[in-house]
Structures are given as structure tokens and as C-alpha cells.
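Trainee: My questions will all concern the structure given below.
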Amino acid sequence: MTCLKTIKIYRSSTNSGIDIIEVFTDEVTDERNHFRTRVFAPTFGYLEDPATGSGNSAMGYYAIKNGLWKSDTIMIEQNGLKDRYNIVKLQKKLDEKGNYRVLFGGGAITRIDGRYIIHS
């Protein structure tokens, strides 16, 4: 994504009161995965969330409602890197009232590892 497009997403979402924008496609890098998503949340102080359970869970409910979810579990590639994406797994379960519930989990790539030292 170009810098100019990133700035446009940031400005349009913060100026319109939109908290989160999620886009998805079924064009994936690994054929074992079902969707690729990108989640933008500049209102919360960061432009793109590289791996989000809550955003993908909302997309999961959308996929159920619109007949896009064909199996019990779906795997999602997330972030802007085609070769180093994070995986979010969604599973659908029926609750006692017959409504679908979406559960999430997965794995991410560690980019930075360290400790915070707070001096008082």
C-alpha cells in the first residue's frame, strides 16, 4: 500500500468517526487459508493492526450471514506482507439457542521482543 493511500485511509476514518476499517479478499498466498484481511484502526493510535481477533471475528459473522463461511474453521492471512503474514483462525460453534458463535485464535510473527523498565 502506498503512503498516499495510507494517509487517505487515516484521514477519511478519523474525519468520519469510523473507528475500524476491515477489508478482506479470498485471494490468499497459501491455498490452505480462506481469506486475507487488513484491519485499519487509526482512531486507536495505530494505523494497521497486523493480527486482530476482534476485527476478524466481526468479519466471521459477516461471512456466516452472507454464506461465505463453508467449513467449521477458517484460516485468515492478515497484514500487508504477502510473504510474512500472521494467521488468525476462526471457528464457528452453535450455542444452546441455535445461534452461531465465532471463536478466534492463531499465531503471529514476533517483530520485537523486549522488556519495559519503569523508573519511579
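The values are calculated or read from the model by the stated rules, or taken from the named source; none is laboratory data. Quick caveat: nothing in here was measured; it's all calculated off a predicted structure. Positions of Cβ are generated from backbone atoms using ideal geometry, with glycine treated the same way; all protein chains shown enter the neighbour counts.
Trainee: Go through region 41-69 residue by residue and tally those that are touching a Ser or Thr at 6+ places or on another chain (Cβ under 9 Å) and of a type outside the set (A, V, I, L, M). Steps first, answer last, please.
Mentor: Taking region 41-69 first, the residues touching a Ser or Thr at 6+ places or on another chain (Cβ under 9 Å) are 41-43, 47-48, 52, 55-56, 59.
This time we only want the ones that are of a type outside the set (A, V, I, L, M), so: 42-43, 48, 52, 55-56.
The total comes to 6.
A quick yes/no check of all residues on (1) acidic (Asp, Glu); (2) touching a strand residue (DSSP E or B) at 6+ places or on another chain (Cβ under 9 Å):
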{"site": "Ala63", "(1), (2)": "no, yes"}
{"site": "Lys70", "(1), (2)": "no, no"}
{"site": "Thr73", "(1), (2)": "no, yes"}
{"site": "Lys92", "(1), (2)": "no, yes"}
{"site": "Asp95", "(1), (2)": "yes, yes"}
{"site": "Phe104", "(1), (2)": "no, yes"}
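Trainee: If only one of Ser16, Ser12 is over 15 Å from Leu81 (Cα atoms), loosely packed, with under 11 Cβ neighbours inside 10 Å and modelled with pLDDT under 80, which one is it? Explain how you work it out, then say what you get.
Mentor: Values: Ser12 fails: loosely packed, with under 11 Cβ neighbours inside 10 Å.
After applying the criteria, what remains is Ser16.
Trainee: Among the residues of region 56-101, count how many are part of a strand (DSSP E or B) and farther than 19 Å from Thr25 by Cα. Can you show your working first?
Mentor: Taking region 56-101 and keeping what is part of a strand (DSSP E or B), we get 73-78, 86-94, 100-101.
Next, only the ones that are farther than 19 Å from Thr25 by Cα stay: 92-94, 100-101.
Count: 5.
Trainee: Does Arg111 satisfy the criteria of being modelled with pLDDT under 90 and farther than 24 Å from Ala41 by Cα? I'd like the intermediate steps shown before the answer.
Mentor: On the way: modelled with pLDDT under 90: yes; farther than 24 Å from Ala41 by Cα: no.
No, not satisfied.
Trainee: Search region 19-33 for residues being charged (D, E, K, R), surrounded by 10 or more Cβ atoms within 10 Å (Cβ to Cβ) and over 16 Å from Gly60 (Cα atoms), and hand back the single one that is modelled with the highest pLDDT.
Mentor: Checked region 19-33; the qualifying residue modelled with the highest pLDDT is Asp30.
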